[in-house]
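The structure under discussion appears below in the form of structure tokens.
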Amino acid sequence: MQEKIILSPDNQKTLMLAANQQVEETAESSAKAIIKGTIADEISYPPNGGLSPDEIEALKKIGEIPNAEPALRKVIANSTATAFFDFFNILDGTSDPDHEAGVWTWATLLDHPQGEDDPYQFMLHDAFFDAYWAWRKTRGEKGWALDNLPNEEAPNDVWSSYA
């Protein structure tokens, strides 16, 4: 049995710095796009963009408000950082996903052994956007959705392709 390698201190530091960099860069680019009125072209989540014409017009008006850009940066950074923090808590086993999401036993990140292929070939970044539609169905009807599709037009659950 192969000994598992925990995430090294160098990789821990790199991961945490990269996460904070992503928070800042996401906040900066999203705030700028809102102010410039181009955010609708840059939305990648949910997978279909989700903004209605009325929502796009509302966002364009934000660009006219003094000091909106730094305020947006801070709000977007907070939301992004909160998502990272909550995700890391789930990985650490210090928090559990809602029971509707499925059974969870916790997980850990490991250093990838140099020169070895990944026998699992499961990539979190590939599964993330596909899982949106499964999440939407799992969470149930709230009277609103991030996407702009009626329930009957939402794609079928693609998650089964990752099992």
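Looking for something in contact with a strand residue (DSSP E or B) (Cβ under 8 Å, 6 or more places away or on another chain) and either under 27 Å from residue 124 (Cβ atoms) or exposed (fewer than 11 other Cβ atoms within 10 Å of the Cβ) (or both) - is there at least one such residue anywhere in region 73-80?
For region 73-80, residues in contact with a strand residue (DSSP E or B) (Cβ under 8 Å, 6 or more places away or on another chain) and either under 27 Å from residue 124 (Cβ atoms) or exposed (fewer than 11 other Cβ atoms within 10 Å of the Cβ) (or both): absent.
Pick from region 36-57 the residues that are of a type in the set (Asp, Glu) and more than 20 Å from residue 25 (Cα to Cα): which of them is surrounded by the fewest Cβ atoms within 10 Å (Cβ to Cβ)?
Of everything passing the filter in region 36-57, 54 is surrounded by the fewest Cβ atoms within 10 Å (Cβ to Cβ).
Could you say which residue among 70, 119 is modelled with pLDDT of 80 or more and over 18 Å from residue 43 (Cβ atoms)?
70
Kindly evaluate residue 63 against the criterion of being touching a Lys or Arg at 6+ places or on another chain (Cβ under 9 Å) and more than 30 Å from residue 154 (Cβ to Cβ).
yes
May I ask you to verify whether residue 60 is surrounded by 15 or more Cβ atoms within 10 Å (Cβ to Cβ), over 19 Å from residue 132 (Cβ atoms), without any contact (Cβ under 8 Å) to a residue 24 or more places away in the chain and not polar (S, T, N, Q)?
Against the criterion (surrounded by 15 or more Cβ atoms within 10 Å (Cβ to Cβ), over 19 Å from residue 132 (Cβ atoms), without any contact (Cβ under 8 Å) to a residue 24 or more places away in the chain and not polar (S, T, N, Q)), residue 60 qualifies.
If I ask for residues that are among the hydrophobic types (A, V, I, L, M, F, W, C), without any contact (Cβ under 8 Å) to a residue 60 or more places away in the chain and over 20 Å from residue 126 (Cβ atoms), which ones from region 38-53 would you list?
Result: 39, 40.
Looking at (1) more than 14 Å from the chain's Cα centre (by Cα); (2) within 25 Å of residue 134 (Cα to Cα); (3) among the charged types (D, E, K, R), which is the only condition residue 74 fails?
Just one mismatch for residue 74, condition (2).
Residues of region 89-117 being within 17 Å of residue 15 (Cα to Cα) and either β-branched (Val, Ile, Thr) or in contact (Cβ under 8 Å) with a residue 60 or more places away in the chain (or both), which ones?
The answer is 90, 108, 109, 110, 111, 113.
Counting just the residues of region 92-106 that are surrounded by 10 or more Cβ atoms within 10 Å (Cβ to Cβ) and modelled with pLDDT of 80 or more, which one comes out nearest to residue 133 (Cα to Cα)?
Residue satisfying both the conditions and the ranking: 97.
The values are calculated or read from the model by the stated rules, or taken from the named source; none is laboratory data. This one's a predicted model, so the numbers in the text were calculated from it and none came from an experiment. Every residue, glycine as well, gets a Cβ built from its backbone with ideal geometry; the counts of neighbours run over all protein chains shown.
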